[in-house]
Amino acid sequence: MARISVSATAAVSMEAEKLRAAGVSLVDFGMGEPDFPTPEHIKQAAIAAIQENFTRYTAASGIAALKDAIRQRHRDDFGSQYERDEVLVTVGGKHALFNAISALVDHGDEVILPAPYWVSFKDQITYAGGTPVIVATDEADGFRLSAEMIARQVTARTRMILLNSPSNPSGAVFPPETFRGVLELCRERGIWLLSDECYSKFVYDGRPYSAASEPNGKEWLIIAGSLSKTYAMTGWRLGYLMAPKAVIKAAVNLQSHSTSNATSFVQKAGIAALLGPQEPVSQMLAEYARRRTVIVEGLRAVPGVTCNMPAGAFYAYPNISGLLGKPGVKTPLEFASKLLAEGGVVTVPGEAFGTSSHIRFSYAASLDAIHEGLARFACFCAKLR
Ligand SMILES: Cc1ncc(COP(=O)(O)O)c(C=O)c1O
């Protein structure tokens, strides 16, 4: 347990909760959580399932109809081909990643992880006994990642490469060539590619992509998916793994001794989400696109701040190095806590994501909140200069 720490995003939200309870008004850019309600037809499917007493244990790996819905949605969206026994239903995307990493990473194994990375990746790897091998990406180059950058870090101990595109926190989208090159490397060297597709539907330019659409390399590919963000279902806890049978079997064994099945009636809601109308997803994406422009322009207007335009997901990851340096505001961590205490704005410091000059803003918040938060942020930064 000493190897891991509390998730930085959860820690920030606990701190904000304390202030809120004390009556402080806050603008919250902390949690990566859609502010939209879960679409009505998904809620109705869960209610109907409860009314029909679909409230018992299911198979630990999930019900067949949901596994079929997962592979059908993925096939329709990306042209992938998975059998039912290559799918596992999990209690959220985080659980899918945890199962895959726990099943495959052993003590002494190395896992290649590009930075900036999502908070839980590193702790899940170290919890399993593995060593994260960080590949820094260049902000000036849009946090671009190439297969060559990964290849340089491969050793005899490399067990897995973990990619997340669109990325939380940078919003970077890795091109298909990167995935193709990495899959090639995986085949040559016998390494797993774990691809976290949590934000795969939230891409602003171009089409969503999955490595599972590649004709080669599927035998080394593990897809971790989540319904949380795509369908505004964060609290429902539903995700999945798609991988070669042997990996799914190992992950099911593990899951059968821990959580067992994802909540029975939530699985029914999942079918409605995946096979029902997909318009709510495009409506949410259109709204995130509007917010993206407002928040990035607002951040860029603050002297001392630079910000890349995120190509996907719903996070802005501005560089605040121009504002760091004074006593008490030397690091993003110090900056973010002062911004919270004095400016009433919740953000997550970049240290949590493996960079030392950034803070993360989640723009899954209303436009009103974004305007108010930007005004507070500008005012706070002006006082620092
Ligand atoms: C990159 C990434 N992967 C996975 C998850 C897990 O989401 P959930 O467990 O809610 O499905 C998140 C949530 O923030 C995320 O940002």
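The values are calculated or read from the model by the stated rules, or taken from the named source; none is laboratory data. This is a predicted model, so every value here is computed, not measured. Virtual Cβ from ideal backbone geometry, glycine too; neighbours counted across all protein chains shown.
The number of residues in region 286-308 being more than 16 Å from the ligand (Cβ to nearest atom) and either part of a helix (DSSP H, G or I) or without any contact (Cβ under 8 Å) to a residue 60 or more places away in the chain (or both) comes to 16. Of note, Leu66 does not satisfy the criterion of being surrounded by 15 or more Cβ atoms within 10 Å (Cβ to Cβ) and in the same structural domain as Arg291 (by TED's automatic domain parsing). Just to verify a result, which residue in region 110-145, among those that are buried (at least 18 other Cβ atoms within 10 Å of the Cβ) and part of a loop (DSSP other than H, G, I, E, B), is nearest to the chain's Cα centre (by Cα)? Checked region 110-145; the qualifying residue nearest to the chain's Cα centre (by Cα) is Trp118.
For Asp106, the test of being more than 17 Å from Cys198 (Cβ to Cβ), among the acidic types (Asp, Glu) and assigned to a loop (DSSP other than H, G, I, E, B) is passed.
Quick check: is even one residue across region 358-370 in contact with a Phe, Trp or Tyr (Cβ under 9 Å, 6 or more places away or on another chain) and over 30 Å from Thr38 (Cβ atoms)? For region 358-370, residues in contact with a Phe, Trp or Tyr (Cβ under 9 Å, 6 or more places away or on another chain) and over 30 Å from Thr38 (Cβ atoms): present. Within 16 Å of the ligand (Cβ to nearest atom) and of a type in the set (Gly, Ala, Ser), is that true of Gly322? Criteria not met by Gly322. The residues in region 111-153 that are more than 15 Å from the ligand (Cβ to nearest atom) and on the phi > 0 side of the Ramachandran plot can be counted, and the count is 2.
Rundown of residues vs (1) outside the structural domain of Asn99 (by TED's automatic domain parsing); (2) buried (at least 17 other Cβ atoms within 10 Å of the Cβ); (3) among the aliphatic types (A, V, I, L, M); (4) farther than 28 Å from Arg84 by Cβ, yes/no style:
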| position | (1), (2), (3), (4) |
| --- | --- |
| Leu238 | no, yes, yes, no |
| Val247 | no, yes, yes, no |
| Ala286 | yes, no, yes, yes |
| Leu299 | yes, yes, yes, yes |
| Val302 | yes, yes, yes, yes |
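I'm trying to understand the selection: among the residues of region 99-109, which are within 16 Å of the ligand (Cβ to nearest atom) and either surrounded by 24 or more Cβ atoms within 10 Å (Cβ to Cβ) or among the aliphatic types (A, V, I, L, M) (or both)? Once the filter is applied, which keeps residues that are within 16 Å of the ligand (Cβ to nearest atom) and either surrounded by 24 or more Cβ atoms within 10 Å (Cβ to Cβ) or among the aliphatic types (A, V, I, L, M) (or both), region 99-109 yields Asn99, Ala100, Ile101.
Within region 341-358, the set of residues being part of a helix (DSSP H, G or I) and either more than 11 Å from Gly373 (Cα to Cα) or within 23 Å of the chain's Cα centre (by Cα) (or both) comprises Ala341, Glu342, Gly350, Glu351, Ala352, Phe353.
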